[in-house]
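Asks: I'd like to ask you about the structure that follows.
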Amino acid sequence: MPSAYQRQSLKALLELFFRAQGAPLPEHSDLKSASALSRFLTVYTWSVRQVIRHMRQAVRQELKRYRPRGRRPHLQVILDMTTLEKRGKFKAFSDLISVFHGKRGVHLVVLYLVVGPWRVPWSFRVYRGKGQPSAAQLGLTLVRQLPKWLKRAFKARVLADTAFGSVDFLQGIRQLKLHAITGVRYDRKLTNGRHLFELHKPGQRVHLQGLSYPVTIAWFYLKRDGAKKRSKRYVLSTEPLKASTIVWWGRHRWQIEGFFKTAKHRFGLHRFGQQTLLGMYRWFVLSLVAFILAHWGYLSLESEALPDWAEAAAVVLEVALADVVVSLLLADIERKRPLLLQQGIDVQITRCKI
């Protein structure tokens, strides 16, 4: 940060995210006023790109240490779209708000990396609606921008849902010399005029219309919440694999759904209230940074249980922002001083050099 004041504002904002309660609103801060944090997000000059660069460099250093025995580890490149629902008018970025599948808000196409125990939301783009680049086109752009060191260090495989199963997307992935496993509509046509739903044996290599190379088709049955019957879902793989293997990898795509829920309900990804495009963008980046750091805190606990995000975030807060923890403790003591005096307790605090 360019100044000490801005560094203090950044720490105060991160402390809100690290509460992991899903509502990191500026007015809830005990260290800075809401207006000060709003100016930090929307007015002050500081480089978001530099924050992203430093974060990615830290991710690279951590992933370099991950060297399991045996074959080169897999890198799951997961693509999906999530909606950050919004009501009201946002004049500064009204062109970014659209209605998709009955939901109004900002629609993010997110690229999410999974390597062993590591989970990293790497990049995102905003889907602007009809007449603009599709989710598949945005997803292909994100995959193209993956750094070369990731592809060299790991065996990358792209996992995506049906929205990313277009011909252009699959052709683009092939040009990048990668393999993909995506959902596919049941009524996609084959070059012989038949449809996918006419296939009777999973694991067949078929030629879809528009594709210049064969793909392997598999399917599984999924029961949605509230549904009485299971629905049949089709999956394709650009790599010749067994049907059971394709389904196994296809189910791994759902890991990003858990990330979306955590990012929203724990780290407030959708709770931005900024009236500027810059403020919204900075909010997204800081929320994702908080998730990555909290995930590292969870890994440091070496726990086999499901993540307790509040506990994991508290670990990071005490390690990375110890001065903030101390400031909050001192402020709480000052607020409770009358109560302490009523109980016959007088607290004297002296700062000493270490």
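Asks: Determine which member of the set LYS103, LYS130 is over 30 Å from GLY70 (Cβ atoms), exposed (fewer than 15 other Cβ atoms within 10 Å of the Cβ), of a type outside the set (Asp, Glu) and within 20 Å of the chain's Cα centre (by Cα).
Replies: Details: LYS130 fails: within 20 Å of the chain's Cα centre (by Cα).
When all the criteria are applied, what remains is LYS103.
Asks: Still on this structure, I have one more. Test ASP323 against the criterion of being farther than 30 Å from GLY116 by Cβ and in a loop (DSSP other than H, G, I, E, B), and give yes or no. Don't jump to the end; show me each part of the working.
Replies: On the way: farther than 30 Å from GLY116 by Cβ: yes; in a loop (DSSP other than H, G, I, E, B): no.
No, not satisfied.
Residues checked against (1) more than 23 Å from the chain's Cα centre (by Cα); (2) modelled with pLDDT under 95; (3) closer than 24 Å to ARG119 by Cβ:
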site	(1), (2), (3)
ALA163	no, yes, yes
ARG194	yes, yes, no
HIS200	yes, yes, no
LEU211	yes, yes, no
LYS223	yes, yes, no
ARG230	yes, yes, no
SER237	yes, no, yes
THR245	yes, no, yes
PHE259	no, no, yes
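Asks: Go through the range 193-213 residue by residue and tally those that are in contact (Cβ under 8 Å) with a residue 12 or more places away in the chain, outside any strand (DSSP E or B) and not aromatic (Phe, Trp, Tyr).
Replies: Residues in the range 193-213 being in contact (Cβ under 8 Å) with a residue 12 or more places away in the chain, outside any strand (DSSP E or B) and not aromatic (Phe, Trp, Tyr): 9 in total.
Asks: Can you tell me how many residues in the range 133-149 are touching a residue at least 40 places away in the same chain (Cβ under 8 Å), in contact with a helix residue (DSSP H, G or I) (Cβ under 8 Å, 6 or more places away or on another chain) and either over 24 Å from LEU293 (Cβ atoms) or crowded, with 16+ Cβ neighbours inside 10 Å (or both)?
Replies: Of the residues in the range 133-149, 3 are touching a residue at least 40 places away in the same chain (Cβ under 8 Å), in contact with a helix residue (DSSP H, G or I) (Cβ under 8 Å, 6 or more places away or on another chain) and either over 24 Å from LEU293 (Cβ atoms) or crowded, with 16+ Cβ neighbours inside 10 Å (or both).
Asks: Within the bounds of the range 331-348, is there any residue that is aliphatic (A, V, I, L, M), surrounded by 11 or more Cβ atoms within 10 Å (Cβ to Cβ) and closer than 20 Å to GLN8 by Cα? Outline the logic, then answer.
Replies: Residues of the range 331-348 aliphatic (A, V, I, L, M): 331, 333, 339-341, 345, 347.
From what's left, surrounded by 11 or more Cβ atoms within 10 Å (Cβ to Cβ): 331, 333, 340-341, 347.
Restricting the remaining residues to those that are closer than 20 Å to GLN8 by Cα gives 331.
Checking the range 331-348: at least one residue is aliphatic (A, V, I, L, M), surrounded by 11 or more Cβ atoms within 10 Å (Cβ to Cβ) and closer than 20 Å to GLN8 by Cα.
Asks: Would you check which residues across the range 305-334 are under 18 Å from PHE259 (Cα atoms) and not aromatic (Phe, Trp, Tyr) and list them?
Replies: Keep residues of the range 305-334 that are under 18 Å from PHE259 (Cα atoms), which gives 305-313.
ALA305, LEU306, PRO307, ASP308, ALA310, GLU311, ALA312, ALA313, listed by residue number.
Asks: Within the range 253-263, is there a residue that is of a type in the set (Gly, Ala, Ser) and either touching a helix residue (DSSP H, G or I) at 6+ places or on another chain (Cβ under 6 Å) or loosely packed, with under 15 Cβ neighbours inside 10 Å (or both)? Steps first, answer last, please.
Replies: Start the filter on the range 253-263 by keeping residues that are of a type in the set (Gly, Ala, Ser), which leaves 258, 263.
From what's left, either touching a helix residue (DSSP H, G or I) at 6+ places or on another chain (Cβ under 6 Å) or loosely packed, with under 15 Cβ neighbours inside 10 Å (or both): 258, 263.
Within the range 253-263, one or more residues are of a type in the set (Gly, Ala, Ser) and either touching a helix residue (DSSP H, G or I) at 6+ places or on another chain (Cβ under 6 Å) or loosely packed, with under 15 Cβ neighbours inside 10 Å (or both).
Asks: Could you list, in sequence order, all residues of the range 144-175 that are within 29 Å of GLU85 (Cα to Cα) and either outside any helix (DSSP H, G or I) or β-branched (Val, Ile, Thr) (or both)?
Replies: GLN145, LEU146, VAL158, LEU159, ALA160, ASP161, THR162, GLY165, SER166
Asks: Right, here's the next one. Tell me yes or no: at least one residue of the range 269-277 is part of a helix (DSSP H, G or I) and among the aromatic types (Phe, Trp, Tyr). If you could, list the steps in order and put the result at the bottom.
Replies: Within the range 269-277, the subset part of a helix (DSSP H, G or I) is 277.
Next, only the ones that are among the aromatic types (Phe, Trp, Tyr) stay: none.
No, that holds for no residue.
Asks: Looking only at the range 264-305, which residues are of a type in the set (D, E, K, R), surrounded by fewer than 21 Cβ atoms within 10 Å (Cβ to Cβ) and under 20 Å from VAL59 (Cβ atoms)? Explain how you work it out, then say what you get.
Replies: We begin by selecting, within the range 264-305, every residue of a type in the set (D, E, K, R); these are 264, 266, 271, 282, 302, 304.
Remaining after also requiring surrounded by fewer than 21 Cβ atoms within 10 Å (Cβ to Cβ): 264, 271, 302, 304.
Residue satisfying the conditions is GLU302 alone.
Asks: While we're on this one: Tally the residues that are in contact with a strand residue (DSSP E or B) (Cβ under 7 Å, 6 or more places away or on another chain) and under 28 Å from LEU146 (Cβ atoms), restricting the search to the range 98-112.
Replies: 10
One line per residue, one yes/no per condition, for (1) in contact with a strand residue (DSSP E or B) (Cβ under 9 Å, 6 or more places away or on another chain); (2) at pLDDT 90 or above; (3) part of a loop (DSSP other than H, G, I, E, B):
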{"position": "LYS32", "(1), (2), (3)": "no, yes, yes"}
{"position": "ARG39", "(1), (2), (3)": "no, yes, no"}
{"position": "TYR44", "(1), (2), (3)": "no, yes, yes"}
{"position": "GLN61", "(1), (2), (3)": "no, yes, no"}
{"position": "ARG71", "(1), (2), (3)": "yes, no, yes"}
{"position": "GLN76", "(1), (2), (3)": "yes, yes, no"}
{"position": "ASP80", "(1), (2), (3)": "yes, yes, no"}
{"position": "THR83", "(1), (2), (3)": "yes, yes, no"}
{"position": "ASP95", "(1), (2), (3)": "no, no, no"}
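Asks: If you don't mind, there's one more thing I want to ask. Which condition number does THR141 fail, the rest of (1) of a type in the set (S, T, N, Q); (2) in contact with a Phe, Trp or Tyr (Cβ under 9 Å, 6 or more places away or on another chain); (3) in a helix (DSSP H, G or I) being met?
Replies: Result: THR141 passes all but (2).
Asks: Report the residue count in the range 233-251 for those that are outside any loop (DSSP other than H, G, I, E, B) and either among the hydroxyl-bearing types (Ser, Thr, Tyr) or surrounded by fewer than 16 Cβ atoms within 10 Å (Cβ to Cβ) (or both). Walk me through how you get there before you give the answer.
Replies: So the first thing to find is which residues in the range 233-251 are outside any loop (DSSP other than H, G, I, E, B), and the list is 233-237, 243-251.
Next, only the ones that are either among the hydroxyl-bearing types (Ser, Thr, Tyr) or surrounded by fewer than 16 Cβ atoms within 10 Å (Cβ to Cβ) (or both) stay: 234, 237, 244-245, 248, 251.
Qualifying residue count for the region: 6.
Asks: Look at the range 150-177 and say how many of its residues are in contact (Cβ under 8 Å) with a residue 60 or more places away in the chain, among the hydrophobic types (A, V, I, L, M, F, W, C) and under 18 Å from VAL110 (Cβ atoms).
Replies: 8
The values are calculated or read from the model by the stated rules, or taken from the named source; none is laboratory data. Remember, predicted model here, so these are calculated numbers, not experimental data. Neighbour counts run over all protein chains shown; Cβ positions are idealised from the backbone, glycine included.
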